[in-house]
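Asks: The structure is given below, and queries will be raised subsequently.
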Amino acid sequence: MRKIFSGVTAVALAFVVFVCAMAEAAPPKVYMTKDISAAGLISVYNALESRAEGKNVAVKISTGERGGHNFLDPNLIKGLVQSVKGTIVECNTAYNGARAGTDSHMEVAREHGFTAIAKVDIQDAEGSIGLPVKNGKYFKENLVGSHFKNYDYYVVISHFKGHAMAGFGGAVKNISIGIASAKGKARIHSGGKSDTNPWGGDQTAFLESMAEAGKSVVDSLGGRILYISVMNRLSVDCDCDSSPAEPDMHDIGILASLDPVALDKACVDLVYSAPDGKSLIERMESRSGAHTLEHGEKIGLGSQRYELVKIDK
């Protein structure tokens, strides 16, 4: 009888281990629609397993540099922003431009139509606070705007596109450089060497610093964050460029996930599979952009494995 009981126990334990292993192996879901519209944006948001909760919801976007024209259309995001009663949040830039100071940054936000759809908060208008960077290779604190802590939940809406230094900009860039204060941006760009000069840093250190800064944001929020990326106006240049190149590839869709690495990887893979993605692929590869996701996966920011779920009927 004892042997039978032991055998049953062993089988039960083996089954539990198997189920746990299967659960751990299940890749994060990335939801996709080809409908690049306000309704499409809300559809991918509704497909997620999480909803923005709390009294104060931050919607992190890029307001776009003055002179640029590829940033997200306020009319595209208006419905979702207002449905979650969100405040659009941004931080000032670390380079000389129209968004380097709070007053001029707010003026750009007005010019680009964002103040017409929601309240806009420049989070480092009153300085920076530090978020711990666990086991950071380049710095122990990630500097974000002091208003970061005022929000219960973050909805991160990114415009996926190329980037002159990172190769591409998506969810990970938006929660790292995007949420970093002006000083924090310089710290990330320089790989921890300067809080005032963002230029001339080591490329690998920069890419890995982005992933580690992003991880500090995710750790601090404890799951109170979700990610949406819009794949339109796919220029090789970032929205921080005041004179970006015109896109030479077709629009793809809107994707959403609870995993920023999986979301970025899905976007990258869609560019690679596009027949007209050559220019953006060259930009990503020439800057070793994939390394940000490799390091992000290594430190536990997210997974490069994912399940793409197409929600269009």
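Here, each number is a calculation from the coordinates, and none is a lab measurement. Predicted, not measured: the structure shown is a model, and the values here were computed from it. No Cβ is skipped: glycine too gets one built from the backbone with ideal geometry, and neighbour counts run over all protein chains shown.
Asks: Hey, what do the phi angles of region 212-221 turn into as Karplus ³J(HN,Hα) couplings, whole Hz, using 6.51/-1.76/1.60 and θ = phi - 60°, x for Gly and Pro?
Replies: 6, 5, x, 5, 5, 5, 4, 4, 5, 8
Asks: How many nm is it between the label spots at residue 50 and residue 307, if each spot is 7 Å from the Cα in line with the beta carbon?
Replies: 1.8
Asks: While we're looking at this one, here's another question. Putting +1 on Lys and Arg Cβ atoms and -1 on Asp and Glu Cβ atoms, find which of 136, 182, 108 reaches farthest to the positive end of the dipole of the chain.
Replies: Sorting the options by dipole projection puts first 136.
Asks: Out of residues 5 or more away from residue 127 or on other chains, whose amide H comes under 5 Å of its own, with H placed 1.01 Å from N in the peptide plane?
Replies: Hits under the 5 Å cutoff: 146.
Asks: Continuing with the same structure: Among the aspartates and glutamates, which fall within straight-line cross-link reach of residue 137, defined as a Cα-Cα distance under 17 Å, with same-chain neighbours fewer than 8 residues apart omitted?
Replies: Within the straight-line limit of under 17 Å, residue 137 reaches these aspartates and glutamates: 195, 202, 208, 212, 219, 294, 297.
Asks: Could you tell me which of 280, 244, 210 has its Cα farthest along the dipole of region 157-299 towards the positive end, charges placed at Cβ (Lys, Arg +1; Asp, Glu -1), taken about the Cα centre?
Replies: Checking the options against the dipole of region 157-299, the answer is 210.
Asks: Only four residue types carry charge here, +1 at the Cβ of Lys and Arg and -1 at the Cβ of Asp and Glu. Report the dipole size of region 29-310 about the Cα centre in Debye, rounded to the nearest 20.
Replies: Dipole of region 29-310, to the nearest 20 debye: 580 debye.
Asks: Report the far tail of the P(r) of the chain, meaning the percent of Cα-Cα pairs longer than 33 Å. Please list the in-between numbers first.
Replies: Values: 10471 of 48828 pairs.
Beyond 33 Å sits 21 percent of the P(r) for the chain.
Asks: A further question on this structure: Run the numbers for residue 137 and residue 250: contour at 0.36 nm per residue of separation, minus the present Cα-Cα distance, in nm. Provide the component values of the computation, followed by the final result.
Replies: Working: separation 113, 0.36 × 113 = 40.68 nm, distance 3.81 nm.
Computed gain between residue 137 and residue 250 is 36.9 nm.
Asks: Of the residues 118, 262, 182, which exhibits the maximal mean-square fluctuation in a Gaussian network model of the chain defined by a 10 Å Cα contact cut-off?
Replies: Checking each option, the largest mean-square fluctuation is seen for 118.
Asks: Moving on. Given H placed 1.01 Å from N in the peptide plane, which residues other than close sequence neighbours of residue 227 have an amide H under 5 Å from its amide H?
Replies: Amide H neighbours of residue 227, under 5 Å, 5+ apart: 156, 257.
Asks: Can you work out the base-10 log of I(q)/I(0) for region 124-248 at q = 0.09, 0.16 1/Å, using the Debye formula on its C-alpha atoms alone?
Replies: Debye output, listed in q order: -0.24, -0.76.
Asks: Something else: Mind listing the long-range amide H neighbours of residue 242? Cut-off is under 5 Å, sequence gap 5 or more, other chains count too, H placed in the peptide plane at 1.01 Å from N.
Replies: Amide H to amide H, under 5 Å and 5 or more residues apart or across chains, residue 242 pairs with nothing.
Asks: Greater than 18 Å separation of Cα atoms is the criterion. Which listed pairs, 60/173; 183/298; 134/215; 173/215; 78/183; 60/140, meet it?
Replies: Going by Cα-Cα distance, 183/298; 78/183; 60/140 fall outside the 18 Å limit.
Asks: If you project the alpha carbons of region 25-147 onto the principal axes, what extent comes out on each, in Å, largest first?
Replies: Projected onto the principal axes, the Cα atoms of region 25-147 cover 41, 37, 29 Å.
Asks: Here's another thing I want to ask about it. To make sure I understand, if each residue's beta carbon is the centre and we count other beta carbons within 10 Å, what order do 160, 206 fall in, fewest to most? Please list the in-between numbers first.
Replies: On the way: 160 27, 206 23.
Arranged by neighbour count, lowest to highest, 160, 206 become 206, 160.
Asks: Could you list 93, 115, 204 so that the one with the fewest beta carbons within 10 Å of its beta carbon is first and the one with the most is last?
Replies: Going from sparsest to densest Cβ surroundings: 204, 115, 93.
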